[in-house]
Amino acid sequence: MAYTLREKALPRHHARHPSLPYQITFAVVALGLLGLALFCTFTYWAMLRVDANAAAREKTLISRAIDERIDTVRREQQKVTVGDDVFYLTMLGDTAWMTENIGAWMYSSYGHEQGYVLDDRNTVIYAMRQGETVSPARFDEVSGRILPLVRRVRQLASEDAAAGNLGLGDVMTIDGRPSIVTVKPIVPGVDPETSVPGDAFLHVAVKHVDNAFFASLGERYLVANVRFRPRETMLDGQNAVPIAGRSAWHLGYVAWDRERPGLQLIQEAAPGLATALLVVATLVALLLQRIRRAAAQVHESENRAHHLAYHDALTGLPNRSLLRSHLERSLNTWSDADPVLALHYIDLDRFKNVNDTLGHPAGDELIRAVARRLCAIVGENDMVARLGGDEFAIVQVRVTGRADVERLADAVMRSMTQPFDLLGNQVFVGASAGIAIASETASERADLSRKADIALYEAKGAGKGQYCVFYPELDDAVHEKQAIERDLRVALTDDRGLHLVYQPIYALDKQTILGAEALVRWDHPVRGLLSPALFVPVAEERGLIQQLGSWVLREACETVKTLDLPWVAVNVSAIQFRDPTFTRQVLDLLHELDLDPTRLQLEITEGLLLDLTDEVREALAALRLAGIKIALDDFGTGYSSLQYLHRCVVDKIKIDRSFVQRLRHSREGDAIVRAILDLAHGLDLTVTAEGVETVEQHKALTEFGCSELQGFLLSKPLEVRTLQAKIIISQPANRYVPSSEPAQYREIA
Ligand code: C2E
Ligand code: MG
Ligand code: MG
């Protein structure tokens, strides 16, 4: 069965995420994608730039080529328009000469498709088409396009003869085809300026720009598929330059197959780039995987360490630290409107017995079994924690009333009283519990656990196997204890206020004082005379009992030396007895005071014998060997007393007052005392009856054969001087006379 706390009850910081590797992965992938996007954008931009540059260069080249072509036609025209013979013979209208030297020659030499000679009034005096002389009237077919250029040449020549004589060229559509048309004045060879500016005869050359021309352009400038495209057939986005004349806008386009060096470069580089990218991406992915694996390992060991720090290794339950933070968190978010929260502290009653008698493996098994049982009892949202040793805690949530708390506490008590099966042994353990409820008593963690602690202490004090729910008066008791502790410390340090009274113990004759029991008294400066029943338990609880016990022991021993008293009995707390140096302290004190050990008796309680360890047994043996008598005080009030008597560790038993009080009241009362006495006699033990208050009790005890009596009937506890007087007056014959021999001390190992 899994009995660790459900995750949702854990503090928030327990739910840890391996966020770092995710962040790294995210960052690397994001950076990678960004880099890739930037790279692609830049490459695309560079490609466009390279392509645009190439296109611009191509456009410039093609445009310039057309201009050059016009110049070429003009240069060719120059050959027939400059010279005295042409100047005079055209003026004379010599058609035969013009046919041979202008028309046919231009056609055969340069392929000019048309040629015209115009006189000073723009009358056509010669016309040629495809090398043949034709009727001048044919000029009318093209005059509409050409005459504006003619007029501009005349205009230019009249303004600047030199410039005008060079003529002008243009591009225009002739016969539906793009053509270069040049117009140039015919000038004499020797002195061209002799012609009247603006009135010269003109030569018109028409050269179609044909596909051969475009093909040659392509060859020359390494541009593919150069061709003419009429305006209507031009598509958007095609690579082309418009062919525009001066007189007519835009005849069409020179188009070509665009060269795209950028795209080409990318196409060629693409496989290489893709491979490189793939390699880089693979490397990054591998690296990321390694980082993630390493991070996961770190995270896992961190989680393990964290779990160890907040859980108990034996049971796997949350430990004290986790309980503390869980409580703190629950209380911080808790409000008055919420259901109540209760803190249960649980302490096993007989864990030490199990450990001592069955060994630690059985003790461990018991702890695990207890953990399992507690986890099975609590609600789904409650937390079970182990605080250490045999201490457990439950944080009970969603409590709607005190009844809920008591129900769980009852269940815990019931479950703990069920026997445990430990390594083949059936063991009865039992537990005590202290409970503090958040709403009723405290809402601060420290306060709540303090109160649960107090309640647990109260439960233990009230007898085992019980639980106690904290109530405010308990706090008062705690404060009271604190005040007593503080004042007792002062009293012990200053040796003020504490003193001993002595209650004599008589023989059956009610006259002979056999000895006396020393009883401590405290005259508190404010509270007055305090009973040891009030402050001795506080001294035991707060670690003052050793100091108090030593003081009592010394005081009693010193006093008995000054008295004619056979012996003094001193009460010794179990805590004092468990101190390994106790025996040595007692013997040293006797030695120091030179007091016969037989004059000291020590009264122990059954509680000490309940946990009869080897050390305690040895201490008892050593003290008895030295001659000190051990009395078992309040006999019958503790646990299975008879068992201890059988082990012969004491010399005397003191029947508790409660048994003496029942004498002559019932048959059982008498029977018990008689049985104790019979048993003690059988074991050769002396018996003292405590709390003898009536004559009837005295009679009964005499009848049953009790040898020593103590009680108000005989004497109340007395101040030293009164006791001494009583010894001397009441029983002069029986006075104790110390022997002349020095006290015998038997050294112990
Ligand atoms: P105890 O050792 O059983 O002492 C006997 C108690 O019974 C004394 O109470 C005594 O005054 C009282 N008593 C005696 N005869 C009668 C009687 O006839 N009737 C009634 N009702 N009571 C009688 P006291 O002095 O109050 O002491 C109470 C307990 O405190 C003692 O019980 C003892 O256990 C403890 N105590 C006293 N002094 C010391 C001490 O110095 N050291 C330690 N460790 N415990 C001490
Ligand atoms: Mg006593
Ligand atoms: Mg007693």
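List the chymotrypsin sites (Phe, Trp or Tyr not before Pro) in region 384-449 that DSSP assigns to loop (not H, G, I, E or B) and whose Cβ has at most 16 other Cβ atoms within 10 Å. Which are they?
F428
Report the trypsin sites (Lys or Arg not before Pro) located in region 37-135 that are in a DSSP loop and have at most 14 other Cβ atoms inside 10 Å of their Cβ, or state none.
Sites meeting the loop and neighbour criteria: R121.
Once whole DSSP H runs in the chain are found, which of them have Cα atoms spread over 30 Å or more along the helix axis and a mean Kyte-Doolittle score of at least 0.5?
For the chain, where a helix must reach 30 Å along its axis and average at least 0.5, there are no hits.
Roughly how many whole Å is it from the C-alpha centroid of region 520-563 to that of region 377-436?
If you average the Cα positions of each part, the centres end up 39 Å apart.
For T123 and I728 in the same chain, what is the full-extension length gain: residue separation times 0.36 nm, less their Cα-Cα distance, in nm?
Taking T123 through I728 to full extension adds about 199.3 nm, to one decimal.
Loop-only check: which GluC sites (Glu not before Pro) in region 384-462 are DSSP coil with at most 14 other Cβ within 10 angstrom?
E444
What is region 481-733 by shape, rounded, prolate or oblate, if you read a ≥ b ≥ c off the alpha carbon gyration tensor as root eigenvalues and call it rounded for a/c under 1.5, prolate for a/b larger than b/c, and oblate otherwise? It would help to have the intermediate numbers written out before the result.
Numbers: a/c = 1.43, a/b = 1.25, b/c = 1.15.
Taking the square roots of the gyration eigenvalues as a ≥ b ≥ c, region 481-733 is rounded.
Under 5 Å between amide H atoms, partner at least 5 residues away or on a different chain: which partners does W567 have, H built in plane at 1.01 Å?
A516
In straight Cα distance, which lysines are under 30 Å from K352, not counting same-chain residues fewer than 8 positions off?
In chain and number order, the partners are K451, K460, K464, K481, K629, K652, K654.
Remind me, relative contact order of the chain in percent, using alpha carbon pairs under 8 angstrom and six or more residues apart?
Once normalised by length, the contact order is 8 percent.
For K726, which aspartates and glutamates qualify as cross-link partners when the Cα separation must be under 17 Å and same-chain residues fewer than eight apart are set aside?
D509, E517, D564
How big is the antiparallel share of DSSP beta bridges in region 81-188, given as a percent to the nearest 5? The partial results should precede the final answer.
Values: 15 of 16 bridges.
Bridges in region 81-188 that DSSP calls antiparallel: roughly 95 percent.
Can you list the HN-Hα couplings for region 223-228, worked out from phi with the Karplus curve (6.51, -1.76, 1.60; θ = phi - 60°), rounded to whole Hz and with x for Gly and Pro?
Result, rounded to whole Hz: 10, 8, 6, 6, 7, 8.
Using alpha-carbon positions, what is the distance between the centroids of region 462-519 and region 672-707, in Å?
The two parts, judged by their Cα centres, are 26 Å apart.
What percent does the relative contact order of region 482-605 come to when contacts are Cα pairs within less than 8 Å and at least six residues apart?
22
Quick one: dipole size for the chain, taken about the Cα centre, charges +1 on Lys/Arg Cβ and -1 on Asp/Glu Cβ, in debye to the nearest 20.
1080
Fewest to most neighbouring Cβ within 10 Å: what's the order for L118, L278?
L278, L118
Which residue, A477, G669, P580, has the largest displacement toward the positive end of the dipole of the chain when charges sit on each Cβ (Lys, Arg +1; Asp, Glu -1)?
A477
May I ask for the distance between the Cα centers of region 68-126 and region 322-369, given as a whole number of Å?
Here the two parts' Cα centres lie 125 Å apart.
Would you mind ranking T583, T333, T72 so that the residue whose beta carbon has the fewest other beta carbons within 10 Å leads the list?
T333, T72, T583
Residue-wise, which Karplus ³J(HN,Hα) couplings in Hz belong to region 341-349, taking 6.51 cos²θ - 1.76 cosθ + 1.60, θ = phi - 60°, and x for glycine or proline?
Karplus values, whole Hz, x for Gly and Pro: 10, 10, 10, 9, 9, 10, 10, 6, 7.
Using only Cα atoms, what Kirkwood radius does region 591-666 have, in angstroms?
It works out to 13.6 Å.
Using a Förster distance of 22 angstrom, determine the FRET efficiency expected from the C-beta separation of H681 and T598, and round it to 0.05.
Plugging the Cβ-Cβ distance into 1/(1 + (r/R0)^6) gives 0.50.
Starting from 0 in steps of 10 Å, tell me what percent of the Cα-Cα pairs of the chain lands in each bin.
2, 10, 12, 11, 9, 7, 5, 3, 3, 4, 4, 5, 5, 5, 5, 4, 4, 2, 1, 0
Values in this text are rule-based calculations from the coordinates and carry no lab data. This is a predicted model, so every value here is computed, not measured. Cβ: placed from backbone, ideal geometry, glycine included. Neighbour counts: every protein chain shown.
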